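Participant: So that we are looking at the same thing, I have put the structure below in structure tokens.
The values are calculated or read from the model by the stated rules, or taken from the named source; none is laboratory data. Predicted, not measured: the structure shown is a model, and the values here were computed from it. Please note: Cβ atoms are built from the backbone with ideal geometry, for glycine as well, and neighbour counts cover all protein chains shown.
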Amino acid sequence: MKTERRGLILSAVMSLVLGSVALVASVVTGSQVILLDGLFNLIYSVMAFFSVRVATLLAVPDNEKYPFGFAYFESLVNAAKGLLILGVGLLALGDSVLVLLAGGREITAGLAIVYAVFATVASLVSMILLRRLRRHTSSPLVEADYANWRINTTISASVLIAFCLIPVADMSGWSALTPYVDPLMVAVVVVLFCLSAPFRMASEAIKELLNRAPPSRIRHPVQSAVEDVLGHWPVSDFSLRMVRPGRTLYLVIYVVLPEDSHVSDLKTLDRLREQLDSGVRAICSPLILDVVFTADSRWVVPTNGYQ
């Protein structure tokens, strides 16, 4: 928990610092790609501070107000991060196209290079620190922040290379092309880095919010673990329902017992429940498990909630 919190605070503070510096640098240099970087990081810093709060809530058990706990807050934060970054990227892409059609934009290359060096170093350091921290935690929030800084490092390094080409072009007699460097870099950065990753992050989180079943890499091992346990018990049939918002697996197992089954007293049923919990938890944790025992198979069939 401390490792996760440390990583999230690091990401939030670095995003805030980098975003603030980028806004000032964009005004001084006139660069829209630096402005995009600043908006990207400031938005991410706001969501990163929310992530710190959500990480604290995830350690709190359910209560009367939130009877199913706080796991869905994790998916909500990741969905908001993805959608906000995607929105900023699309706006920047539209603006860059308009600027290219209007003949480009002149920028102050020297100061832009200084900022790009600072941004590349800061992003690289943040990525390395988070990569070390993620080895000690299985937090989707830290994983999302690590992916963000990996993208940020690539973007900053690409922008640095592009800015360095401006004085080279001026000295080579290609100064007519330099006004197109900044808007072209905005378009390239958005298309390559600011659309696919945020879209994937948001779509996965939204699927979790809509209670879609987790991917097969999680479902199949859980199914196998349940089958292994129930294979040693006199069970007629069983079915599973599972969702996984963020890192928490919610699993409901419906077990159909024969009407003449000797497995009837509560202690025996609790022992079976404990075996199921241990078997699944060895594969996927944290886990919230409910086991429903019945002798009537109609209670395990899919339902829409109506009679």
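Here's the yes/no breakdown for (1) part of a loop (DSSP other than H, G, I, E, B); (2) free of Cβ contacts under 8 Å to residues at least 40 places away in the same chain; (3) over 22 Å from residue 196 (Cβ atoms); (4) hydrophobic (A, V, I, L, M, F, W, C):
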residue	(1), (2), (3), (4)
3	no, no, yes, no
16	no, yes, yes, yes
24	no, yes, yes, yes
42	no, yes, no, yes
47	no, yes, no, yes
51	no, no, no, no
74	no, no, no, no
78	no, no, no, no
94	no, yes, no, no
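Participant: Name the residue that is modelled with the highest pLDDT, counting only residues in the stretch 145-188 that are polar (S, T, N, Q) and closer than 14 Å to residue 37 by Cβ. Quick ask: steps written out before the conclusion?
Facilitator: Taking the stretch 145-188 as the starting set, the residues that turn out to be polar (S, T, N, Q) are 148, 152-154, 156, 158, 172, 175, 178.
With closer than 14 Å to residue 37 by Cβ added as a condition, the list becomes 148, 152-154, 156, 158.
Values: 148: 81, 152: 81, 153: 85, 154: 80, 156: 82, 158: 78.
Once the filter is applied, the top-ranked residue is 153.
Participant: Condition check: over 30 Å from residue 78 (Cα atoms) and either in a loop (DSSP other than H, G, I, E, B) or among the hydrophobic types (A, V, I, L, M, F, W, C) (or both). Does residue 255 satisfy that? Let's see the steps before the verdict.
Facilitator: Numbers: over 30 Å from residue 78 (Cα atoms): yes; either in a loop (DSSP other than H, G, I, E, B) or among the hydrophobic types (A, V, I, L, M, F, W, C) (or both): yes.
When the stated conditions are applied, residue 255 passes them.
Participant: Is at least one residue of the stretch 56-70 in the same structural domain as residue 13 (by TED's automatic domain parsing), in a helix (DSSP H, G or I), closer than 30 Å to residue 250 by Cα and modelled with pLDDT under 90?
Facilitator: yes
Participant: Report, by residue number, each residue of the stretch 19-38 that is closer than 19 Å to residue 87 by Cα and out of contact with any Leu (no Cβ under 8 Å at 6 or more places or on another chain).
Facilitator: 32, 33, 34, 36
Participant: Turning to a different aspect of this structure: Could you grab me the full set of residues in the stretch 211-235 that are in a loop (DSSP other than H, G, I, E, B) and surrounded by 15 or more Cβ atoms within 10 Å (Cβ to Cβ)?
Facilitator: Passing the criteria: 214, 233, 235.
Participant: Could you list, in sequence order, all residues of the stretch 261-303 that are surrounded by 13 or more Cβ atoms within 10 Å (Cβ to Cβ), among the aliphatic types (A, V, I, L, M) and in a loop (DSSP other than H, G, I, E, B)?
Facilitator: The answer is 263, 283, 295, 300.
Participant: If you check residue 111 against the conditions, is it surrounded by fewer than 17 Cβ atoms within 10 Å (Cβ to Cβ), closer than 18 Å to residue 18 by Cβ and of a type outside the set (D, E, K, R)?
Facilitator: So residue 111 passes the test.
Participant: Okay, next question. Conditions: (1) on the phi < 0 side of the Ramachandran plot; (2) outside any helix (DSSP H, G or I). Residue 104 meets all but one. Number of the miss?
Facilitator: (1)
Participant: Out of (1) hydroxyl-bearing (Ser, Thr, Tyr); (2) over 27 Å from residue 131 (Cβ atoms); (3) at pLDDT below 85, the odd one out for residue 3 is which?
Facilitator: Checking residue 3 against (1) hydroxyl-bearing (Ser, Thr, Tyr); (2) over 27 Å from residue 131 (Cβ atoms); (3) at pLDDT below 85, the one that fails is (2).
Participant: Has the stretch 151-161 got at least one residue that is within 16 Å of the chain's Cα centre (by Cα) and either surrounded by fewer than 19 Cβ atoms within 10 Å (Cβ to Cβ) or under 25 Å from residue 82 (Cβ atoms) (or both)?
Facilitator: The answer is yes, given that some residue of the stretch 151-161 is within 16 Å of the chain's Cα centre (by Cα) and either surrounded by fewer than 19 Cβ atoms within 10 Å (Cβ to Cβ) or under 25 Å from residue 82 (Cβ atoms) (or both).
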